[in-house]
Amino acid sequence: MNGEGIAGRESHQAAMRPKPRIALIAPGPAVPGGQGHQARILLQRLQAEGYRVTFLPVDPPFPRGFRWLRKLPYVRTLLNQALYLPGLLRIARADVVHVLSASYWSFLLAPAPAILLSRMLQKRSVLHYHSVWPTRSSFLPSISGGSSRGTAIGPG
């Protein structure tokens, strides 16, 4: 028997397996702050490691004639959702969905639809939840449904 044995063959097979395609859902470069910065670093490093990453911004750019609407609070939200939600269909081409999320109401606008769609499509998902009040985010484990194939949840 050669020195490699079963462990050597398994590691060779793992190296030959294609890397999973990742959908990264997070704030885009127009939003200042930690999540967007973390997303850019994560995107760059995953791509440098050879992963195919599709970036889906939760704040897609508004069409040229509608950019002024960003100044109007409720209208801005409606248009943003109208642009963001159809883009989530690109999750179907991913193997893993990684969602960066802020706490409170913004969770319902961007991360919740992404997580729900990833669950419906039976995709592995990671919820990277950012909150200054970790004890108030106790509702999050219920999203995973207790499935090991579901959503991994951890503090951000």
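The values are calculated or read from the model by the stated rules, or taken from the named source; none is laboratory data. All figures in this text were calculated on a predicted structure; none of them were measured in a lab. As a convention, Cβ positions derive from the backbone with ideal geometry for all residues, glycine included, and neighbour counts pool all protein chains shown.
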Notebook entry, point to check: Quick check: is even one residue across region 53-61 out of contact with any Pro (no Cβ under 8 Å at 6 or more places or on another chain), among the hydroxyl-bearing types (Ser, Thr, Tyr) and modelled with pLDDT under 90?
Noted result: no
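Okay, residues lined up against (1) of a type outside the set (Val, Ile, Thr); (2) farther than 19 Å from residue 115 by Cα:
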| site | (1), (2) |
| --- | --- |
| 28 | yes, no |
| 32 | yes, yes |
| 35 | yes, no |
| 41 | no, yes |
| 48 | yes, yes |
| 62 | yes, yes |
| 79 | yes, yes |
| 102 | yes, no |
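Of everything in region 102-112 that's over 11 Å from the mean Cα position of the chain (by Cα) and part of a helix (DSSP H, G or I), which residue is surrounded by the fewest Cβ atoms within 10 Å (Cβ to Cβ)? Can you show your working first?
Taking region 102-112 as the starting set, the residues that turn out to be over 11 Å from the mean Cα position of the chain (by Cα) are 102-109.
Filter again for part of a helix (DSSP H, G or I), leaving 105-109.
Details: 105: 8, 106: 14, 107: 20, 108: 10, 109: 16.
That would be 105.
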Item checked: Looking only at region 85-101, and only at residues there that are surrounded by 14 or more Cβ atoms within 10 Å (Cβ to Cβ) and hydrophobic (A, V, I, L, M, F, W, C), the one that is modelled with the lowest pLDDT -> 100
Next item on the list: Output the number of residues of region 34-71 satisfying the condition of being of a type in the set (Val, Ile, Thr) and surrounded by 18 or more Cβ atoms within 10 Å (Cβ to Cβ).
Entry: 2
Notebook entry, point to check: Among the residues of region 74-84, is any buried (at least 18 other Cβ atoms within 10 Å of the Cβ), within 17 Å of residue 22 (Cβ to Cβ), out of contact with any Lys or Arg (no Cβ under 8 Å at 6 or more places or on another chain) and not basic (Lys, Arg)?
Noted result: no
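With over 13 Å from residue 22 (Cα atoms) and either in contact with a strand residue (DSSP E or B) (Cβ under 7 Å, 6 or more places away or on another chain) or not acidic (Asp, Glu) (or both) as the only criterion, which of 56, 117, 42, 46 stands out?
On the way: 56 fails: over 13 Å from residue 22 (Cα atoms); 42 fails: over 13 Å from residue 22 (Cα atoms); 46 fails: over 13 Å from residue 22 (Cα atoms).
So the residue among 56, 117, 42, 46 that is over 13 Å from residue 22 (Cα atoms) and either in contact with a strand residue (DSSP E or B) (Cβ under 7 Å, 6 or more places away or on another chain) or not acidic (Asp, Glu) (or both) is 117.
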Notebook entry, point to check: Just checking, which of 98, 130, 37 is touching a strand residue (DSSP E or B) at 6+ places or on another chain (Cβ under 8 Å) and over 17 Å from residue 22 (Cβ atoms)?
Noted result: 130
